[in-house]
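Trainee: Can you keep this structure in mind? I'll have questions shortly.
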Amino acid sequence: MDDGRTIDSEMTDGKMMDGKTIDGKTRLCGLIGNPVEHTMSPVIHNTLAGHCGHNLVYVPFLVEEGNLADAVRGAYALNVLGLNVTVPYKSAVIDSLVETDDLAARIGAVNTLVRTEGGYKGYNTDMSGLYRAMVSEGIRIEGEEIVLLGAGGAARAVAYLCGEQKAGKVWLLNRTYEKAERVAEEVNAAFGREVVVPMLLSDYEKLPERKFLAIQGTSVGLAPKEDDVVIEDAAFYRKIHTGFDLIYKPFTTRFMRLVREAGGEAYNGLKMLLYQGIIAYELWNQVEITEKEAALVYDRMKREMGIS
Ligand code: ATR
């Protein structure tokens, strides 16, 4: 069909196109990764396009191992406006870009490709998304004493964000000490100061006697293993004034419950997901998404997860 057609809410069960018309001017954005079928990104971007009145469609692209460079080159050739990148390609995709933003290059992970002259430029909106989610909840990083749990890909990126946003001190606790040490060395070298202090997870009792912002960056507690948590001890949670779990499935993690039971405030990672999408959308479309629009998308995401 080349005569343009409307895919309306009825035809798509209200989930895809928000009544938009696909025509000769429709722009395409998408997600490349493997797997991609559980992604919430189409909900974020198609809802934003609907609210903003942009003629843009966002779809997931499953990219099989070995096809990444072809996928990026092909997308550029097809005039695709922008792409998100997810597991397992966030690092590997850097080789297919014409330019990489500073923070993304330091982290070594890119989740957003923006079309520029001659190719795509890579950004890491996961981290700027986390920062904006924290700002929207009134959580500060600058000057803060932070406990960061984990030293994998996600936690490592958070450590860079903390360095960039001038955190006071980051106590990086990990089950495998060597990984915490490596991240600390890298981040401290990148920012020219001793911002990250590596520690063994089981040494949490040695943390200074004070209140911390705690960021949960391990994969422990992720659905379906919702009852798991990295640290059980209530004494640890009494040292936390605010807990931020990067996990959003389940919506309330065991870590969050333990923080709240000890009197702290706790947040999940859904707003980080929301804002990483919003920042990507802003980069692609050169617009600013308002907090009101962000709230509409957030409600839609919660509905998608079955949370009212
Ligand atoms: P991601 O990309 O989500 O960060 P990852 O790179 O595999 O995933 O990192 C997983 C993190 O969760 C690591 O910090 C890991 O600790 P190790 O470095 O010691 O492996 C942490 N993690 C996973 N399972 C854990 C468990 N049962 N107890 C404590 N930490 C755990």
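The values are calculated or read from the model by the stated rules, or taken from the named source; none is laboratory data. These numbers come from a predicted model, not from an experiment. As a convention, Cβ positions derive from the backbone with ideal geometry for all residues, glycine included, and neighbour counts pool all protein chains shown.
Trainee: How many of the residues in segment 269-286 are polar (S, T, N, Q) and under 9 Å from the mean Cα position of the chain (by Cα)?
Mentor: Counting residues in segment 269-286 that are polar (S, T, N, Q) and under 9 Å from the mean Cα position of the chain (by Cα) gives 1.
Okay, residues lined up against (1) of a type in the set (Gly, Ala, Ser); (2) under 23 Å from LEU274 (Cα atoms):
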{"site": "HIS51", "(1), (2)": "no, yes"}
{"site": "ASN55", "(1), (2)": "no, yes"}
{"site": "TYR58", "(1), (2)": "no, yes"}
{"site": "GLY66", "(1), (2)": "yes, no"}
{"site": "ASP70", "(1), (2)": "no, no"}
{"site": "ARG73", "(1), (2)": "no, no"}
{"site": "LEU78", "(1), (2)": "no, no"}
{"site": "LEU83", "(1), (2)": "no, yes"}
{"site": "TYR89", "(1), (2)": "no, yes"}
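Trainee: Also, quick follow-up: Applying the selection to segment 226-249, what residues are farther than 21 Å from LEU130 by Cβ and more than 13 Å from the ligand (Cβ to nearest atom)?
Mentor: Residues satisfying the conditions are GLU226, ASP233, ALA234, ALA235, PHE236, TYR237, ARG238, LYS239.
Trainee: Is there a residue being part of a helix (DSSP H, G or I) and either within 15 Å of the ligand (Cβ to nearest atom) or of a type outside the set (Asp, Glu) (or both) anywhere in segment 81-88?
Mentor: no
Trainee: Could you please find all residues in segment 134-187 being assigned to a helix (DSSP H, G or I), within 24 Å of TYR89 (Cα to Cα) and within 16 Å of the chain's Cα centre (by Cα)?
Mentor: GLY153, ALA154, ALA155, ARG156, ALA157, VAL158, ALA159, TYR160, LEU161, CYS162
Trainee: With part of a loop (DSSP other than H, G, I, E, B), of a type outside the set (D, E, K, R) and either touching a Ser or Thr at 6+ places or on another chain (Cβ under 9 Å) or farther than 28 Å from ARG300 by Cβ (or both) as the only criterion, which of GLY66, GLY74 stands out?
Mentor: GLY66
Trainee: Now a separate question. Quick one: in segment 251-269, of everything that is within 30 Å of ASN111 (Cα to Cα), of a type outside the set (S, T, N, Q) and within 16 Å of the ligand (Cβ to nearest atom), which residue is surrounded by the most Cβ atoms within 10 Å (Cβ to Cβ)?
Mentor: PHE255
Yes/no matrix, rows are residues, columns are (1) more than 23 Å from THR125 (Cβ to Cβ); (2) assigned to a strand (DSSP E or B):
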| position | (1), (2) |
| --- | --- |
| ILE215 | no, yes |
| PHE255 | yes, no |
| ALA266 | yes, yes |
| LYS271 | no, no |
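Trainee: Right, here's the next one. Which residue out of ILE279, ILE240 is touching a residue at least 60 places away in the same chain (Cβ under 8 Å) and closer than 21 Å to TYR123 by Cβ?
Mentor: On inspection, the qualifying residue turns out to be ILE279.
Trainee: Quick test for you: out of LEU213, LEU201, pick the one residue that is among the aliphatic types (A, V, I, L, M), within 14 Å of the ligand (Cβ to nearest atom) and surrounded by 15 or more Cβ atoms within 10 Å (Cβ to Cβ).
Mentor: LEU201
Trainee: A further question follows. Taking the conditions exactly as written (in contact with a helix residue (DSSP H, G or I) (Cβ under 6 Å, 6 or more places away or on another chain), under 26 Å from ILE289 (Cβ atoms) and within 16 Å of the ligand (Cβ to nearest atom)), does GLY221 satisfy them or not?
Mentor: So GLY221 fails the test.
Trainee: Can you pull out every residue in segment 147-163 that is more than 14 Å from the ligand (Cβ to nearest atom) and either modelled with pLDDT under 95 or surrounded by 24 or more Cβ atoms within 10 Å (Cβ to Cβ) (or both)?
Mentor: CYS162
Trainee: How about segment 91-123: which of its residues are within 16 Å of the ligand (Cβ to nearest atom), crowded, with 22+ Cβ neighbours inside 10 Å and either part of a helix (DSSP H, G or I) or in contact (Cβ under 8 Å) with a residue 40 or more places away in the chain (or both)?
Mentor: Of everything in segment 91-123, those that are within 16 Å of the ligand (Cβ to nearest atom), crowded, with 22+ Cβ neighbours inside 10 Å and either part of a helix (DSSP H, G or I) or in contact (Cβ under 8 Å) with a residue 40 or more places away in the chain (or both) turn out to be VAL93, ALA104, ILE107, ALA109, ASN111.
Trainee: Can PRO208 be described as under 26 Å from LEU273 (Cα atoms), more than 14 Å from the ligand (Cβ to nearest atom) and at pLDDT 95 or above?
Mentor: No, not satisfied.
Trainee: Considering GLU209, GLU226, which residue is in a loop (DSSP other than H, G, I, E, B), under 15 Å from TRP171 (Cβ atoms) and of a type outside the set (Lys, Arg)?
Mentor: Exactly one residue qualifies, and that residue is GLU209.
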